[in-house]
Amino acid sequence: MNRPNPAPRASSRASSEPGAAAPAAAWTQHKERSSLLMLRVMSWLSLRLGRRLSRPLVYAIAAYFVCFAPTARRASRDYLKRVLPRKPTPLDGFKQVLAFASTIHDRAYLINDRFDLFQFRAEGEAPMRAVLAKNRGAFLIGAHLGSFEALSAVGRCMTGTRATMLMFEENARKINQTLAAINPRATSDIIGMGNVDSMLNVRQRLDEGGMVGMLADRTPGNEATLLLPFLGGYAAFPIGPFRLAALMARPVLFMAGIYEGGNRYFSHFELIADFSELSDAPAAQRTAAIHAAIARYAAILEKHCRATPYNWFNFFDFWSPAPTLAQVHSAAPPPEETA
């Protein structure tokens, strides 16, 4: 198991300010390129024509996206320059978008439990079973990397437990609309943050021995982040998901459902941290553990990006400027972490 390189102290402290989240919020400004009606039509065609006959639609959608989304195309090229061992070509950009479109296409089948259409392989079953054996639940923290639906399918087969996703309220609304267009039964697996009973629902799922999933590679721009080395630059990772796991004193596993082409998916689970023994820890120790967990998460994510570069689906300017000495000397930890 690879160990992450420790993040430079300067970059970690400089990015602990809530304002540091702003550069990573560019994705919230992007106009949606899909509509609910189009999704319903695509889902209807996919389910009735079958995966093989509807597959040409995926290539057409990917080609359209590459041709008519210049901002996303530039972001893709910047990312591929960082992750590939050579200069990226237009074909590399198309492959990345095609992988994204393929996971969206397969969503219609996976949400409807058509697992027979796919070949799955998994890694990390032992640590997941060990964590769930304690019957206290666990957090699964992933990224916009590969397919969550494929990951969920493998997780259910391995443990018999369905993961509940926790996400920002606006995202939860959009995702619920998306899922309802494919399978209305799937909407019950999402908890929107910001509701009065959100955290009570999360704790209930965990107390039942369930898994709660979060994606920790984006922030809407109004929460504290940690600036860490990532793919040759610096990126701001939200602190909130890991702070929540520490607050609820639960284990945290990295999750990724990698698309391998055709009908093949590879799911990976890896223990990031176990906050079970931090409930009575001093604030400084808890903060250090949270920061170490985020650094480990970023290192594992970078490993997967380099191994499967076309599975990264953040089509916006992801990287932040490197921290300056002025930021290092003026930065202070957010109030939640000094209490």
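Structure data summary
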item	result
Residue within region 256-266 that is farther than 27 Å from Leu117 by Cβ and open to solvent by less than 10 Å² (accessible area, probe 1.4 Å) present	no
Candidates Tyr265, Tyr234, filtered to the one that is in contact with a Gly (Cβ under 7 Å, 6 or more places away or on another chain) and of a type in the set (Ser, Thr, Tyr)	Tyr265
Count of region 275-291 residues which are open to solvent by 20 Å² or more (accessible area, probe 1.4 Å) and in contact (Cβ under 8 Å) with a residue 24 or more places away in the chain	8
Single residue of region 112-135 satisfying the filter (in contact with a helix residue (DSSP H, G or I) (Cβ under 7 Å, 6 or more places away or on another chain) and surrounded by 20 or more Cβ atoms within 10 Å (Cβ to Cβ)) that is farthest from Asn263 (Cα to Cα)	Leu132
Residue satisfying condition, being among the hydrophobic types (A, V, I, L, M, F, W, C), out of contact with any Phe, Trp or Tyr (no Cβ under 9 Å at 6 or more places or on another chain), at pLDDT below 85 and surrounded by 20 or more Cβ atoms within 10 Å (Cβ to Cβ), within set Ala180, Ala172, Ala153, Ala163	Ala172
Among (1) at pLDDT 95 or above; (2) over 20 Å from Gly192 (Cβ atoms) - the single one Phe242 does not satisfy	(2)
Of residues in region 218-264 being hydroxyl-bearing (Ser, Thr, Tyr) and assigned to a strand (DSSP E or B), the one nearest to Glu149 (Cα to Cα)	Tyr259
Which numbered condition Ala138 misses (of (1) closer than 25 Å to His304 by Cα; (2) open to solvent by 30 Å² or more (accessible area, probe 1.4 Å))	(2)
Ala75, sole failed condition from (1) of a type in the set (Gly, Ala, Ser); (2) modelled with pLDDT of 90 or more; (3) surrounded by fewer than 16 Cβ atoms within 10 Å (Cβ to Cβ)	(3)
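The values are calculated or read from the model by the stated rules, or taken from the named source; none is laboratory data. Computed from a predicted structure; not experimentally measured. All Cβ positions, glycine included, derive from the backbone under ideal geometry; neighbour counts span all protein chains shown. In case anyone asks, the SASA skips ligands and DNA or RNA and just uses the protein heavy atoms, side chains included. Shrake-Rupley method; radii C 1.70, N 1.55, O 1.52, S 1.80 Å.
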